[in-house]
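Notes follow the structure.
Readers should treat all values here as calculations from the given coordinates under stated rules, not as data from a laboratory. Note that the structure is predicted; figures quoted are calculated from it, not measured. Glycine also receives a Cβ, built like all others from the backbone with ideal geometry; neighbour counts cover every protein chain displayed.
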Amino acid sequence: MSSPIEIRRAGIGDIEAIRAVADKAFRATYAEILSPRQTDYMMEMMYSAESLHRQIEIERQAFYLAEDNGRTIGYVSIERQDERLFHLQKIYILPECQNRRIGRQLFECACRHVKTLCPEPCTMELNVNRHNRASGFYQRMGMRKVREGDFDIGNGYFMNDYIMAIEL
């Protein structure tokens, strides 16, 4: 039987742990969806130490880490966009640690975080690539597809996403 997973709020000192998980989990997620060049571009854009520092300190994204015996194996980040609108920015788990209900724990952690900031009814949205099999996971968590979009992320690259939402 596996040990219990601990989830804790991340800070600036956890940037390298987030980057290490992203290097494996983000790349594995998009290996068959995006070109290696686009993946490298996105890794630099979203997961450079400078970018993560900005996300945590300036954009005030809340990051939570999933840890197994002190080893970071996943993370989630949530950002408040409006009084009653939040965005689940990222949720990734190391490939070898998937299918252990860690994603569910991180998703539920994100929902709790939102409800501490906004006890009244509110919405949490996320963008998920139209070809990412994780969209089924989000549907099982109670999210529904509300729209789709093609988003210019620079350097000639686009993200072709579903926007999914859940009312909390």
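Structure data summary
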| item | result |
| --- | --- |
| For the range 12-105, the Rg and Dmax computed from alpha carbons only, in angstrom | 13.3, 37 |
| Relative contact order of the chain, defined on C-alpha pairs under 8 angstrom at six or more residues apart (%) | 19 percent |
| Longest site-free stretch - the chain; sites: GluC sites (Glu not before Pro), DSSP loop, at most 14 other Cβ within 10 Å | 84-168 |
| Along each principal axis, Cα extent of the range 6-167, largest first, Å | 42, 39, 33 |
| Cα-projected label distance for residue 157 with residue 24, points at 7 Å along beta-carbon direction, nm | 2.2 nm |
| Highest-MSF residue in the chain out of 37, 144, 27 [GNM, Cα springs under 10 Å] | 37 |
| Centre separation in Å (Cα based) which lies between the range 95-135 and the range 34-65 | 18 Å |
| Eligible lysines near residue 115 by straight Cα distance, threshold 23 Å, same-chain separation 8 or greater | 90, 145 |
| Additional length obtainable on full extension of the chain from residue 82 to residue 139, 0.36 nm per residue less Cα span | 18.2 nm |
